[in-house]
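Reading through the structure tokens given below for one structure.
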Amino acid sequence: MSREQAAGKLPEGFRKLAPGQRKSAWETLFLLDDDERAAAAAGPGAFELADLMVEAAVGVLPLPLGIASGFMIDGERVDIPMAVEEPSVVAATGYAAHIIAKGGGFFTEADEPVMESYVYLEGVDDEGLGRLRASVGAVQAALSSVQSSLERRGGGFRSMRVERLPETGLVSVELSIDVRDAMGANILNTAAETAKPILEAAGRGTALMCILSNASPARRARARFSLPLEVLAPYARGYTCAGAARRMTLSWALADEDPRRAVTHNKGIMNGVAALVQATMNDTRAVEAAAHAWAARTGRVRPLSRFSVSDRALEGSIDLPLALGTVGGSVDLHPASRAALRLLGNPDSRRLARIAAALGLAQNFSAVLALVCGGIQHGHMRLHAARLAYRAGARGAATREAAELMARGGIYTMDAARRAIGQLAMVRQGMITQATADQAAADQDGGPK
Ligand code: MEV
């Protein structure tokens, strides 16, 4: 059987095999080549951890981990770890950090880490609604007994709200809880399950489910910057500073008007946010779900950030839910995320959310500036060139050299990558000079870009 025919043929009971057996079953059946095996390989410690973190683990998937350096956030220098597969993201973020630092950097704030968990009940009549509301003391006492350590850290139960949902007739009991430095999912789900028997008895109904909401509308973070227009001069590519700022502001208005643009505008923001969320082993899906729901809260997807011009400055701001933890879950379990948090100065959850908000705004600033002043494809393609050279067989220093050569010609295809690799080999063998290779590359479409 070829490895292409192996799909769907893992042995019965695969997930129950010992970790090592699972890994070798996968490697053997799919005839993993050396590159594939090495890429998914984990040292014994990392594999043991992977096996604890997910079911049926066979290896790890190492994402590139980069550091976007040079941020000024609330007057402090911050370097931000980012785990992401897209080539331009870390570079674009560092670029924005550098520009915005010239205007004093980012100023941020974050809400208290309060989130909501729900018990949904069926079969509750109108008198039951009153009894449910009156049960708040009993619910709070029950939660206190399971949240004593959270309460010692200043967190715990904040409020309870009972409402009937008009379409299903279900009764929703919302528990608001301050989860302090946790992302909160375990605390919130445990709280709802703890409250469930009390609520079922009070409402004389039956619980359909007990679950947190990832929406987190009360756990938001905000960041802003103010950039004197003249700072834009070196980056405005042929536009005046005021012209570049006006175009950035118009791009915000466009995203606010057209949801199709807003989705992509927000995707750019999440390029930054999700990379930090991933690097700290927080829950990327929860953060994405909350951000997109917040963006659509008026019934239309709108931009999470805003640009405007005032008093000869470009103003940028962002406001989004950010349920990020610095303890619990995988965050303080995985050595890579512990190291990422150390790089950030071991922030608490609110500080981490503020950094994430600044990062999202930086990423967005960089994308929008490039889009309205010259386009993004030129910068993207230069980064793409190194990948093409790698695919075409270049390794080590030759990969970057081939990419440089391709950038001189401005042609980014597999053929151009192979040609560049061939030219470099000829330079190495002394058959042609580097200058000849550079000229040949430039001549392909008339000159360096
Ligand atoms: C690409 O990953 C992100 C952008 O499309 C964001 C944007 O369009 O604002 C460049």
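The values are calculated or read from the model by the stated rules, or taken from the named source; none is laboratory data. Bear in mind that the values here come from a model prediction, so they are computed numbers and not experimental data. Neighbour counts run over all protein chains shown; Cβ positions are idealised from the backbone, glycine included. All accessible areas refer to the heavy atoms of the entire protein, side chains included, with ligands and DNA or RNA removed. Shrake-Rupley method; radii C 1.70, N 1.55, O 1.52, S 1.80 Å.
Any idea what log10 I(q)/I(0) is at q = 0.11, 0.15 Å⁻¹ for segment 208-337, Debye with uniform C-alpha scatterers and no solvent? Those come out to -0.49, -0.81, one per q.
Over all pairs of different C-alpha atoms in segment 3-53, the reciprocal of the mean inverse distance, the Kirkwood hydrodynamic radius, equals 11.8 Å. Looking at segment 174-241, the accessible area is 43 square angstrom per residue; that uses a 1.4 Å probe and ignores ligands, DNA and RNA.
Please report the carbon-and-sulfur percent of the accessible area for segment 357-398; probe 1.4 Å, protein heavy atoms only, DNA, RNA and ligands left out.
Numbers: 990 of 1680 Å².
In segment 357-398, the share of accessible area belonging to carbon and sulfur is 59 percent.
The alpha carbons of segment 378-442 give a radius of gyration and a Dmax of 10.5, 32 Å, in that order. Converting phi to 3J(HN,Hα) with the Karplus coefficients 6.51, -1.76 and 1.60 and the offset θ = phi - 60°, segment 120-134 yields 9, 10, 10, x, 9, 8, 5, 5, x, 4, x, 5, 4, 5, 6 Hz in sequence order, with x at every glycine or proline. Of the two radii for the chain, the radius of gyration is 1.05 times the Kirkwood radius, both from the alpha carbons; that is the Rg over Rh value.
Once you list every other residue whose beta carbon is under 14 Å from the beta carbon of Leu314, what net charge do they have if Lys and Arg are +1 and Asp and Glu are -1? Write out the running numbers ahead of the final one.
Details: positive: Lys102, Arg224, Arg246, Arg247, Arg306, Arg312; negative: Glu230, Asp311, Glu315.
Once positives and negatives cancel, what remains is +3.
Annotation note: GluC sites (Glu not before Pro) in segment 100-173 located in DSSP loop regions with a Cβ neighbour count of at most 16 within 10 Å are Glu167.
Counted by Cβ distance under 14 Å from Ala57, the other residues give a net charge of 0, where Lys and Arg count +1 and Asp and Glu count -1. The trypsin sites (Lys or Arg not before Pro) of segment 30-108 that meet both conditions, a loop assignment by DSSP and at most 16 other Cβ atoms within 10 Å of the site Cβ, are Lys102.
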